[in-house]
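The values are calculated or read from the model by the stated rules, or taken from the named source; none is laboratory data. These numbers were taken from a predicted model, which means no experiment stands behind them. As a convention, Cβ positions derive from the backbone with ideal geometry for all residues, glycine included, and neighbour counts pool all protein chains shown. Protein only, heavy atoms only, side chains kept; ligands, DNA and RNA dropped before computing areas. Shrake-Rupley method; radii C 1.70, N 1.55, O 1.52, S 1.80 Å.
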Amino acid sequence: MKQAKTLTHAELKRVLAVANAERHAERNKLAVMLSYYAGLRVKEIAALTVGDIYTAAGDVKSFVALTAAQTKGNQGRTIVFGSKLIDALRAYLRISQLKPQDTTKPLLRSQKGAAFSANSLCQLFGRLYAAAGIEGASSHSGRRTFITALAHKGVSAKVLMTLAGHKNMSTTQRYIDVNDAMLAQAVELI
């Protein structure tokens with residue numbers, strides 16, 4: 001089975017520009033950013049509620065506890081949001097019609113106002129990547145890029161495994177993409 005393409009920064013910008021030109025721009029951009037900047041699986045993105053992300057006062061939580069039902073493998077895990085994603089989540093709350101007190105409402109809603117299914121969100125990602133002209137990208141591309149980028153910045157294997165929500169290091173290692181430039185850079189360290 002072929003792995004999802006890892007994205008370059010330019011490709012991320014292209015996908016976000018495509019999303020920005022669409023009818024549900026802010027929602028679609030946030031879906032991509034949750035994948036890219038937090039390494040979330042499409043199932044996890046689809047399952048997020050307002051209460052998972054925001055406090056009653058409307059502040060964005062830095063650490064989000066996902067329940068077993070929201071994750072793959074039926075085991076809860078904690079997600080950590082960085083400043084770029086926190087800023088995007090703040091902006092999303094301002095422009096969306098969501099209120100922090102609507103704790104059980106889905107964070108991302110379909111055109112009908114309901115939660116996305118993982119499958120329908122997968123289709124949205126596929127459509128966005130195709131419109132951006134990025135071949136080989138899928139709903140898993142952001143997650144794979146997240147893990148690869150952190151690995152190449154020297155984040156420890158245990159931290160990577162924890163952020164990814166993997167039980168085995170071998171699973172995390174399969175996500176890490178290697179290219180010729182990275183190999184050349186590595187040998188220059190000696």
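Some notes on this structure:
- Heavy-atom accessible area with a 1.4 Å probe sorts Ser138, Ser35, largest first, into Ser138, Ser35.
- Annotation note: chymotrypsin sites (Phe, Trp or Tyr not before Pro) in segment 11-75 located in DSSP loop regions with a Cβ neighbour count of at most 11 within 10 Å are absent.
- Sparse packing (at most 14 other Cβ atoms within 10 Å of the Cβ) combined with a DSSP loop state is found for the following trypsin sites (Lys or Arg not before Pro) in segment 1-80: Lys2, Arg23.
- Applying the Karplus relation 6.51 cos²θ - 1.76 cosθ + 1.60 with θ = phi - 60° to segment 153-169 yields 3J(HN,Hα) values of 9, x, 5, 4, 4, 5, 5, 4, 4, 5, 4, 6, x, 8, 8, 10, 4 Hz, where x marks Gly and Pro.
- Computed from phi, the 3J(HN,Hα) profile of segment 64-71 under the Karplus parametrisation 6.51, -1.76, 1.60 (θ = phi - 60°) reads 10, 8, 8, 7, 4, 5, 8, 10 Hz, with x in place of Gly and Pro.
- Qualifying aspartates and glutamates (Cα of each under 19 Å from Cα of Lys158; at least 8 residues distant if same chain): Asp177
- Shape call, segment 31-190: gyration tensor on alpha carbons, a/c limit 1.5: prolate
- With the simple spin-label model, which puts each label point 7 Å out from Cα in the Cβ direction, the Ala181 to Asn20 separation comes to 2.2 nm.
- Gyration tensor verdict on segment 1-104 (Cα atoms; rounded if a/c is under 1.5, prolate if a/b is larger than b/c, oblate otherwise): oblate
- Per-residue surface analysis assigns Ile95 an accessible area of about 100 Å², computed on protein heavy atoms at 1.4 Å probe radius.
- Candidate lysines for bridging to Lys99, where Cα separation is under 20 Å - those fewer than 8 sequence places away on the same chain excluded: Lys29, Lys61, Lys112
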